[in-house]
Every structure is written in C-alpha cells, then in structure tokens.
1. Based on what the data block shows, is ASP238 touching a residue at least 24 places away in the same chain (Cβ under 8 Å), crowded, with 18+ Cβ neighbours inside 10 Å, assigned to a loop (DSSP other than H, G, I, E, B) and acidic (Asp, Glu)?
2. For residues in the range 121-160 being in contact with a helix residue (DSSP H, G or I) (Cβ under 6 Å, 6 or more places away or on another chain) and under 30 Å from ILE64 (Cβ atoms), which is surrounded by the fewest Cβ atoms within 10 Å (Cβ to Cβ)?
3. How many residues does the range 121-160 contain that are part of a strand (DSSP E or B) and touching a strand residue (DSSP E or B) at 6+ places or on another chain (Cβ under 6 Å)?
4. Say we look at the range 31-71 and pick out the residues that are small (Gly, Ala, Ser) and over 24 Å from the mean Cα position of the chain (by Cα); which of these is farthest from VAL113 (Cα to Cα)?
5. Among the residues that make up the range 164-175, is at least one of them over 21 Å from GLU128 (Cβ atoms), in a helix (DSSP H, G or I) and of a type outside the set (Lys, Arg)?
6. Looking at the range 357-391 only, could you name the residues that are charged (D, E, K, R), surrounded by fewer than 14 Cβ atoms within 10 Å (Cβ to Cβ) and more than 26 Å from ALA158 (Cβ to Cβ)?
7. Go through the range 33-53 and give me each residue that's among the hydrophobic types (A, V, I, L, M, F, W, C), surrounded by fewer than 21 Cβ atoms within 10 Å (Cβ to Cβ) and closer than 24 Å to LEU228 by Cα.
8. Of the residues in the range 296-330, how many are β-branched (Val, Ile, Thr) and surrounded by fewer than 19 Cβ atoms within 10 Å (Cβ to Cβ)?
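The values are calculated or read from the model by the stated rules, or taken from the named source; none is laboratory data. No experiment lies behind these values; they were computed from the predicted model shown. Using ideal geometry, Cβ is built from the backbone for each residue, glycine included, and neighbour counts are taken over all protein chains shown.
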Amino acid sequence: MTMEPLCRSAVELRDLVVAKEISPVELLDSSLARMEEVEPKLNAFVTVTEEVARAAARKAEKAILDGDPPGLLHGLPISVKDLIAMDGVRCTFGSRLAADNVAAVDAPAVERVRNAGGVIVGKTTTSEFGCKAVGDSPLTGITRNPWDLSKTPGGSSAGAAASVAAGVTPFALGTDGGGSVRIPGSLTGLFAIKAQFARVPVFPEAATPTLAHVGPMTRTVRDAALLLAAVAGFDRRDPFAVAGPVPDFLAACDEPVTGMRIAWSPTLGYADPASEVVGLCEQAVRTLEDLGCEVELVDTVMEHDPVDMWMSEFYAGVGTRLATLFGDRQELLDTAVAGMLRGALDRTLEEYCARVFDRYRFREEMRRFMEGYDLLVSPVLPVPAVDAGLDVPPGMPDANVISWVRYTYPFNLTGQPAASVPAGFTAERHPVGLQLVAKTHRETDIFRAAAALEAARPWGDGTPPMT
C-alpha cells in the first residue's frame, strides 16, 4: 500500500476533514494499515490503542456531520510516547520494572489532544525511563530508523520519531529531558521542538521535573505549530507551568526573517562534530543568511561542556524515583542505565547542591549571551547516524550514554526553546539536523526561521526507503 493520505501534512489533513473530503475514520484506517505494514521492521509501538482511537474517530466524524465546531486536531491520528500518562492505558517507561503499570489519569497534553479532536493510535517506544540517547530498552528491544534499518532513530523518543518518519501518523508527542525529541528528530529527518520549559505542562510529575519537556515531532514546521498550539498553556497541576496567553505559533511561521541576528556555532566551544555534519549545517545557515538574516560565527559559546551538571540532576532524579517506587529490583534495569544512576546517587548532598548552583550561573551566562542574538544555531548531533544496538557511537571512547550527543542537554538546563530542523542528507542518505535555540519564551523566533528554511529548502516530501 502507499502512505496516502498520510503523506499529507496534518494541517492539510485537518482542512480535508473539516471540508468533509475525508473522514476521521478513513484517516484512522490508513494509519492503522500503515502501522501494520511497517511495525514489524521498525518496532515503534509499545501499545496500540485501536479501540480508543476508533471511538475518538467516530466522535470526530459525527461532530463534523452535525456541524459542530472542529477542534484544532480534529480527526487527526497521533501517537504518544510511553513516558506520558494516558488514562487506562499501560505506561511502561520502557522498563520491565513497570511493564504492567497502567496510568490512572491523562497527562495535560493527552487531555488536550483528546479535547482538540485528536485520535490517539498508540504509545510509542522509549529508552528506559528516557535515560539514553538511542532507541532500545530491555522491555521493547530495538526500535529502528526508517531511513536505514541498521541504524537507531535516536532516543529517547525513538518510536515517535520512527513512526512519524515512516508515515504512520503525521505527528507525535515526545518528551525531552536532555534532547529526546531533538536527537531522534535529527536522525530521522523531522522537525522537533521543545518549547519554553513548562510551556506544555507536565503531570503526573516527572522524575526530572526541572528538565522535562513535552514536545511535538512532525514532518513539517506548521504541523508542529498546530500541535504545540493545542497542548500548550497553563495548568495548575504543574507548579512550573507558564501562565499567560499562548503565542500564535502558526502566525509566526509567516513572519519575515530579514534582520534576525543569528549566532552560528559549529561546536559550542567543546564538541567535535563530523565534517559532513558541519558542512550540511553550514549550508542551511548560509540559506538563512541569503534570506536576510545577520549571521555571526561564534567559536565558543560555553567555556566548558555542562554535561556533569546535567547528569547530576537528571540521573539523581530518576535514580531517586526508581528507588522509591521499585526498591531492590533494579537488577532488571538496562545495564548502562543502572551504571549512570548509581554514579549520580553516589554523590554527596554537597556535591549535588553545588551542581544546582552551577546550573543557576550557567543559565544566567546563557541569558546574557542571547541578549545579542535572536537565535543560537548549531548542529543537533556530532554524528549523522548510529548503529542500532549501540549506546555510544564508535570513536567516542570517553563518552557515556548521554555525553556523546554534546549539543542538546545544555538547553534543558536553561529551559530555552530549542528545535531540530532538517539540514539535509549525507552521502549515505542519513538525515542531519540543525539546532535552533531561542531566547526565553521566544518560540516564535524558532518557528519563523524554521518555516523560512523549510520554504527555501523543502524536506517534507522525502520518503524513507524502509529497507
């Protein structure tokens, strides 16, 4: 079968649904058929929620036929990462420790997807508790990249990325505590964004509540703007939730980029990227310059790699939560994950608090740096592809399961909006992503630049070979 109609964007599909040119039930049938076709190769889903999806699709169809006002996501198939709660559905966190855990509440983003008319087809795979930057876990095994089945789609939002790139749904909800939508976005040729910290509220509380984001993964920029508009906004259950009006992300996609000030940093000051990655990112940056942006090369954005302060906070949070919930059964964990958790929990209280204050200083340094620019631009990753089953790419003997990604975790520490934008393909047809980082609360600058890049260098029509 073909990917039609799911090769269309979510924005286009919604227009067709509202115009009664395609029904939500037909869309769901196409999504489930595509899932059945590619799932044996990709392994992108933990749980398929067909019964829930059919009820939602029928409800959306009836609303259109009755002339009711359509929701933002009316009748559109979507998936949800298996770190996000969905009432009555398994939420396994990619772990054998939680294989039978069933959520008792909808996360705010899930609740809003349902209220906006979205049709949730299933829960997608994640590395265990979101702790690795690749796409495998002891519970679900290896998830594969539709552009090259020998490669990982990246993590931890592995199944979300693989399924969207393969055309199962036009978009997905992932999470990002250290790069987990941007990393797989880069490796699978998607647009993926974590908005301002707590722009999308999180509940139940994450194991890493000061780092975790929920974000869209899509094939087009405007699809991400549509989904983010539907799930963003204040919620009293999240004590960090951003109050006030939600920016108009879709309108930002039509704003001109002339005069935008961009800092282009190939290394941030400490990374060692592959030359092919830098070359593709430079081409994308030159396009922004051709569109009227003012680009400045900045060799050193940060004096030191901030990975230690990130690991201290992230793994200490996950390790503490696991010890509380699962006691002494941690031998069931991924070996690499268990090692990282033990290292974080072995730190003294004084060492942990010192890293917290280091983070405050780092955040202020980045705030001052961004005063001179609208966007900071870098590669998303130092490499274009990683073999499936590996935790760390070859040639990085000193790196661990997260430090190898280099570019993404700094901006979970600061909470700034950050996105992965497709920058092109290597000679071996592996996608490469360009990272766009905005000032605090300025997601609209990312959308205007990303939409301009997409118009100048279209990427959404590419179809993975699935071989």
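1. On the way: touching a residue at least 24 places away in the same chain (Cβ under 8 Å): yes; crowded, with 18+ Cβ neighbours inside 10 Å: yes; assigned to a loop (DSSP other than H, G, I, E, B): yes; acidic (Asp, Glu): yes.
Considered against the rule, which asks whether it is touching a residue at least 24 places away in the same chain (Cβ under 8 Å), crowded, with 18+ Cβ neighbours inside 10 Å, assigned to a loop (DSSP other than H, G, I, E, B) and acidic (Asp, Glu), ASP238 comes out as yes.
2. The extreme case among them is VAL121.
3. Residues of the range 121-160 that are part of a strand (DSSP E or B), as a first pass: 121-124, 136-137, 141-142, 145, 148, 151.
If we keep only those that are touching a strand residue (DSSP E or B) at 6+ places or on another chain (Cβ under 6 Å) too, we end up with 121-124, 136, 142, 145, 151.
Residues meeting the conditions: 8.
4. Taking the range 31-71 as the starting set, the residues that turn out to be small (Gly, Ala, Ser) are 31, 33, 44, 53, 55-57, 60, 63, 67, 71.
Narrowing further to those that are over 24 Å from the mean Cα position of the chain (by Cα): 33, 55-57, 60, 63, 67.
Working: ALA33: 22, ALA55: 14, ALA56: 11, ALA57: 13, ALA60: 12, ALA63: 16, GLY67: 20 Å.
So the residue we want is ALA33.
5. So in the range 164-175, the residues over 21 Å from GLU128 (Cβ atoms) come out as 164-171.
From the residues that got through so far, the ones that are in a helix (DSSP H, G or I) too are 164-165.
Retained after the next criterion (residues that are of a type outside the set (Lys, Arg)): 164-165.
Yes; the residues of the range 164-175 include at least one that is over 21 Å from GLU128 (Cβ atoms), in a helix (DSSP H, G or I) and of a type outside the set (Lys, Arg).
6. Our first condition is that a residue be charged (D, E, K, R); within the range 357-391, this holds for 358-359, 361, 363-365, 367-368, 371, 374, 387, 391.
So of that shortlist, the ones also surrounded by fewer than 14 Cβ atoms within 10 Å (Cβ to Cβ) come out as 361, 364, 367-368, 371, 387.
The answer is ARG361, GLU364, ARG367, ARG368, GLU371.
7. Across the range 33-53, the qualifying residues are VAL48, VAL52.
8. Applying the first criterion (β-branched (Val, Ile, Thr)) to the range 296-330 yields 298, 300-301, 307, 318, 320, 324.
Filter once more, keeping what is surrounded by fewer than 19 Cβ atoms within 10 Å (Cβ to Cβ): 300, 320, 324.
Counting residues in the range 296-330 that are β-branched (Val, Ile, Thr) and surrounded by fewer than 19 Cβ atoms within 10 Å (Cβ to Cβ) gives 3.
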